[in-house]
Amino acid sequence: MEKLKIPKLKGQALTNFLVDKLDELADNICQDQEQLMEFVKKWHNGFHSYSFNNTILAWIQRPDFTLLAGYKSWIGRGRQVKAGQKSIRILAPMVKKIKEDNGDESMIIRGFRTVSVFDVSQTEKITEDDEDEIDVGCSDLVSGNFDFETIVKASPVPVLIRYLGISNGSTDGNTIKIAPKKNEAAMVATLTHEISHVMLGHCENSGTLYETEDKSIKEIEAETVSFIVSSYLGLENNKSRLYIGNWGGNKEELKGRGKKIIAVSESIIKRIEAI
């Protein structure tokens, strides 16, 4: 991916530039298997749970980044930003507290502002006594297996285990059916695919996924979400690789869908992590 050059803008002008770039960057990432794999690895690292969108912005500015944190966060971990280092600009929400009619308080996002973070390679130890090893967390998710029942609990609709003939899974938007298999990892990937259909709104109009003109696009969208989530969970999802590898003739049809694919992927991962 070509490195993004940040123009000499400030304040709201810089924020608007970064927001406008996200749609284009999300599409580019979702249409390239190698970039998608690298993106998942990037998002999986870091002290802070940066959003998918901010990971895109950081990656396009500094493709070799590994661990990100703000200036004060690095100080708190015994490291300081080296003199002369250029910050990576990402977006932080501006939140406002409002009072409901019933007296309850809630928070709303009014917009975004630009903030600065730095990669670990831009920092150095404050004292020589500090440990070299940095705990990036999430180590319990980095494996070749993942509990199927955890994904079931993360599903927004009931999941039924049924023999489905030649099909691995199906959904009408109200329930999901998954075929039983000895390979639990395969069931995890299939269930993630069907959850994607539900959360992408593919069943809202017809109530099912009929053989329509845009069904193949919906399948690619759902399979790409499954690929992102499966990769994040440490699974090798070769079925999704085949889908993504055949995107060559569908790039124009998929234009403008990347941001939604990434948002749904992030939502599913957050549902899993909340269990």
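Numerical summary
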item	result
Gain on full stretching of the segment that runs from ASN174 to LYS21 - 0.36 nm per residue minus C-alpha separation	51.6 nm
In range of the label at LYS125: residues from the stretch 51-71 whose backbone nitrogen is under 19 Å from the point 7 Å along Cα→Cβ	67
Cross-link table LYS218/LYS259; LYS99/LYS260; LYS153/LYS270; LYS5/LYS86, entries beyond 19 Å C-alpha to C-alpha	LYS99/LYS260
Ordering of 111-120, 77-86, 176-185 by burial proxy (mean other Cβ atoms within 10 Å per residue, highest first)	111-120, 176-185, 77-86
Pair TYR163, ASP64: separation of 7 Å Cα→Cβ label points (nm)	5.7 nm
Förster radius 30 Å - calculated FRET efficiency between ASP147 and GLU34, Cβ distance, rounded to 0.05	0.55
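Each reported figure results from applying straightforward, stated rules to the coordinates on display, with no laboratory input. Given the structure is predicted, the values throughout are model-derived calculations rather than measurements. Here the Cβ is made from the backbone with ideal geometry for all residues, glycine too, and neighbour counts use every protein chain on show.
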